[in-house]
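This report concerns only the one structure given below.
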Amino acid sequence: MTKRRTTIASIAVASIVAASALMALKLGVGLATGSLGLISTGIESSGDLIAATLTFFAVRLGGRPADPEHPYGHRRAENLGALGEAAILLAGGLIVSVEAVRHLASGASAPETRWYGFAVLGAALVLDASRTAVSLRAARTYSSPALRSNAMHFAGDVVASATVLVGLVFVELGVREGDSIAALLVAALIVAAATRLIAENANVLMDRTPEEAREAAERAIADLGAEIELSRLRLRESAGRYFADVVVAVPPGQAVVEGHQAADLVEAAVERVLPGSDVVVHVEPRSRDLSLRDRVLAIALEEPLVLEAHDIMIFQRPGAVSVALHLKFPADLDLGSAAQIAARVERAISHKLDVAAVQTHLEPLEQTLRARASDPRADAEAEAEIQRLVTERTGSPPRHLELLSLETGRVVFLTLGVAAGGSLTAAHALAGELEEALRQRVPDIVDVVVRTQP
């Protein structure tokens, strides 16, 4: 049993003992003296006894872990228990109301005022005040609606006992109706408390999302930035804990890893404003407020066998737009199937985006390449030629140079230093020029990977 369940169960047991004693004292003294006020508080204490018993069993049931039949757990048993307590309170309040009105209408005789009646009310005030404080503190600590319901009961008992005490004082002073009026006021307090409890717990059981919780979650997700767009948020609350179902849209070009990171950010944001929440996030590609390039990418990636789409180029012509892009497919896919898929992509881009012409370039996805033993003498000659060419073009030797021999030829890895204030476009153009020059000057080059850095 968890600390939460143990603490709440202990408080419930203490409440059962206290409610039993108070019920016996109030009803006994009330019947002995004829005080309707004391009888009304005794009825309320009997409601407390039943309520505390319901709380005890509701907490034991609510503390069970989730199972296949109850995937959200059993914590709503506490809300059901609180609803049962409220119904008992409401019935007791109505009974006392009817009896108080009958006494006032018939001019019933005033009750006897005895010292032990005042003593019972004084003891009840002290005991109920302490029970209210303990239950309210535990309810806040453990987010327990059942304990919150108990705390409201006990707070109502404090007010009720004080009201009856004042009524008996008025009877002692000669105001015969003081006890019945006090009983009627107590009944009004009981009905008000019961109505509030019914409304609160019925809203939870009907999955009504508290507005402040929903707004807090929406603000937290919005603060993550424009890259993460909230599409749908559903919240349900059970015994103070929130379950969130969130759908967010991210740019269609994001990789799965980036989408997962976005989901982690959303989970952390919701849990930060709604502690203890269970958050499930679904990530989907964004379809609104996208550039033409992103929309082309999204359409291409809708095809399951299109593994990558890159080198997307957009050409603005007089009165028309055309698009070119590269599509990568599984290496073992036959050309006919790849061509059919590419044709579907081209038609979709033309139809959905009002593009005049679409041209696709088909490529197999690169496989893992096996390196082979290199020729040290040939590599030394190639490195010397590469060093000379890079120095001629940039004014300084490369910061890093590495050759990798494959069955089909060499791969050159270069790192170049460029001016810190230069543009990315200029650096890319320089890398392209060097790649072309190296292919012409150095034999057997199959690929050149150039990294530029300031």
Pairing a residue in segment 77-95 that is assigned by TED's automatic domain parsing to the domain that holds F154 with any residue that is assigned to a helix (DSSP H, G or I) and surrounded by fewer than 20 Cβ atoms within 10 Å (Cβ to Cβ), where Cβ atoms lie under 6 Å and the two sit 6 or more apart in sequence or on different chains, gives A77/L61; N79/L205; A86/I198; I88/I50; G93/V191
Residues of segment 315-334 being more than 17 Å from H351 (Cβ to Cβ) and surrounded by 11 or more Cβ atoms within 10 Å (Cβ to Cβ), in sequence order, are F315, A324, H326, L327, K328, F329, P330, A331, L333
For segment 340-382, the count of residues that are among the acidic types (D, E), modelled with pLDDT of 90 or more and more than 14 Å from F329 (Cα to Cα) equals 1
Among residues of segment 380-424 being small (G, A, S), closer than 18 Å to V450 by Cβ and in contact (Cβ under 8 Å) with a residue 24 or more places away in the chain, the residue surrounded by the fewest Cβ atoms within 10 Å (Cβ to Cβ) is A420
Exactly one of A32, A24 is assigned by TED's automatic domain parsing to the domain that holds F118 and modelled with pLDDT of 75 or more, and that one is A24
Result of the Cβ filter at 7 Å on segment 273-287, keeping first residues that are buried (at least 17 other Cβ atoms within 10 Å of the Cβ) and partners that are in a loop (DSSP other than H, G, I, E, B) and not aliphatic (A, V, I, L, M), at least 6 apart or interchain, is P285/P252; R286/P251; R286/P252
Within segment 290-310, of all residues that are assigned to a loop (DSSP other than H, G, I, E, B) and in contact (Cβ under 8 Å) with a residue 40 or more places away in the chain, the one surrounded by the fewest Cβ atoms within 10 Å (Cβ to Cβ) is E302
Could you check, for segment 239-247, whether at least one of its residues is outside the structural domain of V164 (by TED's automatic domain parsing), loosely packed, with under 14 Cβ neighbours inside 10 Å and modelled with pLDDT under 85? no
message: T195 - would you say it is at pLDDT below 80 and of a type in the set (S, T, N, Q)?
response: no
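Rundown of residues vs (1) surrounded by 17 or more Cβ atoms within 10 Å (Cβ to Cβ); (2) part of a helix (DSSP H, G or I); (3) modelled with pLDDT under 80; (4) among the polar types (S, T, N, Q), yes/no style:
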{"site": "R131", "(1), (2), (3), (4)": "yes, yes, yes, no"}
{"site": "S161", "(1), (2), (3), (4)": "yes, yes, yes, yes"}
{"site": "G174", "(1), (2), (3), (4)": "no, no, yes, no"}
{"site": "A213", "(1), (2), (3), (4)": "yes, yes, no, no"}
{"site": "L235", "(1), (2), (3), (4)": "yes, no, no, no"}
When every residue in segment 399-450 that is out of contact with any strand residue (DSSP E or B) (no Cβ under 8 Å at 6 or more places or on another chain), part of a helix (DSSP H, G or I) and of a type in the set (D, E) is compared, the one farthest from E381 (Cα to Cα) is E433
Looking across segment 188-211 at residues that are acidic (D, E) and in a helix (DSSP H, G or I), the single one that is surrounded by the most Cβ atoms within 10 Å (Cβ to Cβ) is E200
Per the filter on segment 348-379, residues surrounded by fewer than 12 Cβ atoms within 10 Å (Cβ to Cβ) and either of a type in the set (A, V, I, L, M) or in a helix (DSSP H, G or I) (or both) are H351, A371, A373, P376, R377
Note: among V446, V345, V442, V390, just one is within 49 Å of the chain's Cα centre (by Cα) and either at negative phi or of a type in the set (K, R) (or both), namely V345
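The values are calculated or read from the model by the stated rules, or taken from the named source; none is laboratory data. Since the model is a prediction, treat every value here as computed from it, not as a measurement. Cβ atoms come from the backbone with ideal geometry, glycine included; neighbour counts cover every protein chain shown.
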